[in-house]
Amino acid sequence: MTAIVRVAVIVVTLALFLGSTLNAIADHRDLAVLFALATPLGISAWGFARAGHNEAAVALLCCVLTTVVTMVLVLNPLGVRDVAITAYGGIVLVGALLLSRRSFFALTALLLIAASTAFLMDLNGFTRSEISRYTDLASFAEFLVIIGVFAALGRFGSEVLFGSLGDAHRASSDDSVSGLANRSGFFTLAAAKLKALQGSPTCSVLVLVDLDGFRRVNVVIGHRAADGVLLETALRMRKAIGTGHVLARIGDDEFAALGLGLRDEALAGEFARAVHEAVQFEFSGVSVRASTGYARFPRDAHGLESLLLAAEGSLARAKDHVHEVDRFAGPSDRI
């Protein structure tokens, strides 16, 4: 999905820039200015896509295209009807395939308002169309039917196709026991989040949690109840870190929490401590204890792999319960 969205953003942005250039060469100043004003919005959509907000990127693109198409139809001497079906139909199909149901319905409503405006302006002679006499309410009704068919078929295909693909994707990137992302899903999401924060003045922190003696817990309370321990750990960690961060189960008894956009390193340490305290609890008569290690980004590492190595080093020290009675350790300060 990410690759599809990024390709779409690049193609649309280049098309808008090319449209501005060609219309400027052809001395169509109004259209050249219109495309030139829309091009930066395509670049803004790239920012959303790069940060991992794919739906926001697609929604912005579709809204920009809807506005551009409507304005082009008003300024177009060839009239509204056939061009509208092609242009609006393409936008509907893109939205049907790439947007959530709620966003798609909102886009469809916006598109119908824009299309109705263009048709009404053409009917009343407020456009530059040289063939407006051929535009009537019957052609508008025909347009609505065709767009409705496009929307229904596109959305039905999206629900069937991406429903099955989504199930497969969740199975490959989610952990069925805890409901969190698994190791693969964590690496994909965390890498994208850290990349988006490159150059940011904020601090991030990777916290690794290892449940101590989890095999013994399996023996004492059974595998099914032990799954309950994993779920309880996930719930407690999610509550401790709040929203806007990445949480995953990356091993049999190991969890990872990536705190993002923290104000300073002191807050990063507090974040790690809150996670550590959350995973010390009682469950079904068993005292659950965990060792916790953390590393900070970018102080201790400049990429996800190196950040993980630094956090694993801290975790190894935290598991030395003779010297780390609190079972909690951070990276050694570096000069």
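With runs of 4+ DSSP H residues as the only contributors, calculate the mean residue ellipticity of the chain at 222 nm using -39,500 (n - 2.57) per run, divided by the residue total and rounded to the nearest 500.
Details: 11 runs with 216 residues, N = 335.
It comes out at -22000 deg cm²/dmol, rounded to the nearest 500.
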>> On C-alpha positions alone, give me the angle between the axis of helix 223-241 and the longest principal axis of the chain, in degrees, nearest 10.
In response: 70
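For the chain, with all protein chains present and a 1.4 Å probe, just round the carbon and sulfur fraction of the accessible area to a whole percent.
Ligands and nucleic acids excluded, carbon and sulfur reach 63 percent.
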> Among (1) 44, 24, 18; (2) 54, 23, 13; (3) 38, 28, 21, which one is semi-axes √(5λ) of the Cα gyration tensor in Å computed from these coordinates?
Replying inline: (2)
>> Can you tell me the orientation of helix 265-278 relative to the chain, as the angle in degrees between its alpha-carbon axis and the longest Cα principal axis, to the nearest 10?
In response: 70
> H53 to D264: extension gain in nm, 0.36 nm per residue of separation minus the Cα-Cα distance?
Replying inline: 73.5 nm
>> Using the basic label-point model (7 angstrom from Cα toward the beta carbon), what is the S287 to V33 distance in nanometres?
In response: 7.6
> Which length gain, in nm to one decimal place, applies between S116 and E305 when the Cα-Cα distance is subtracted from 0.36 nm times their residue separation?
Replying inline: 62.8 nm
>> Using the Cα centre of the range 179-316 as the reference point, and only Cβ charges (+1 on K/R, -1 on D/E), how large is the resulting charge dipole? Debye, rounded to the nearest 20.
In response: 280
> Where the eigenvalues come from the Cα gyration tensor of the range 272-334, what are the semi-axes √(5λ) of the equivalent ellipsoid, largest first, in whole Å?
Replying inline: 25, 13, 9
> Using the alpha-carbon atoms, what tilt in degrees (0 to 90, nearest 10) does helix 137-173 show relative to the longest principal axis of the chain?
Replying inline: 20
> Roughly how many Å² is the accessible area per residue of the chain, as a whole number, for a 1.4 Å probe?
Replying inline: 52
>> Mean-square fluctuation check for the chain, GNM, Cα pairs under 10 Å: which of R263, R249, R236 is largest?
In response: R263
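The values are calculated or read from the model by the stated rules, or taken from the named source; none is laboratory data. Quick caveat, the model's predicted, so the values are computed rather than measured. All Cβ positions, glycine included, derive from the backbone under ideal geometry; neighbour counts span all protein chains shown. Each accessible area value is taken on the protein alone, full model and side chains, heavy atoms only, with ligands, DNA and RNA left out. Shrake-Rupley method; radii C 1.70, N 1.55, O 1.52, S 1.80 Å.
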